[in-house]
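Shown next, in structure tokens, is the structure this report addresses.
Any read-out appearing in this document is the output of simple, stated calculations on the displayed coordinates, not a laboratory observation. Remember, predicted model here, so these are calculated numbers, not experimental data.
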């Protein structure tokens, strides 16, 4: 994956944060969720399934006070879609097999997530 500008990343495994991305003096906290293509089960089409909730006893949705971006990584096709934490409102999210193959998926979703975060910080 390659994003416009010169974002740099550091692996930073903590509760709710896996990566910190830097651009000049700005940074964003990223939580990574990963999935591979799942075969047809129970009459469902093949697709990707991500669990957005965290916590073992009571699942919680992403919290914009502790994380900025949720990254859904499609492992087998090596693609990522990004969401601002406040825009994730489902505990579970499914995508069809074709979803990660959109050419501008990564850059467009990154730009949208960053715009939401910047709006939040004003």
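Quick rundown of the values:
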{"item": "Hull volume in cubic angstrom per residue (convex hull over the Cα atoms of the chain)", "result": "115 Å³"}
{"item": "Candidates 67, 31, 90, ranked by Gaussian network fluctuation over the chain, Cα under 10 Å, top entry", "result": "90"}
{"item": "The range 1-107, relative contact order [Cα under 8 Å, separation at least 6], %", "result": "25 percent"}
{"item": "Beta bridges per DSSP with both ends in the chain, % antiparallel, nearest 5", "result": "80 percent"}
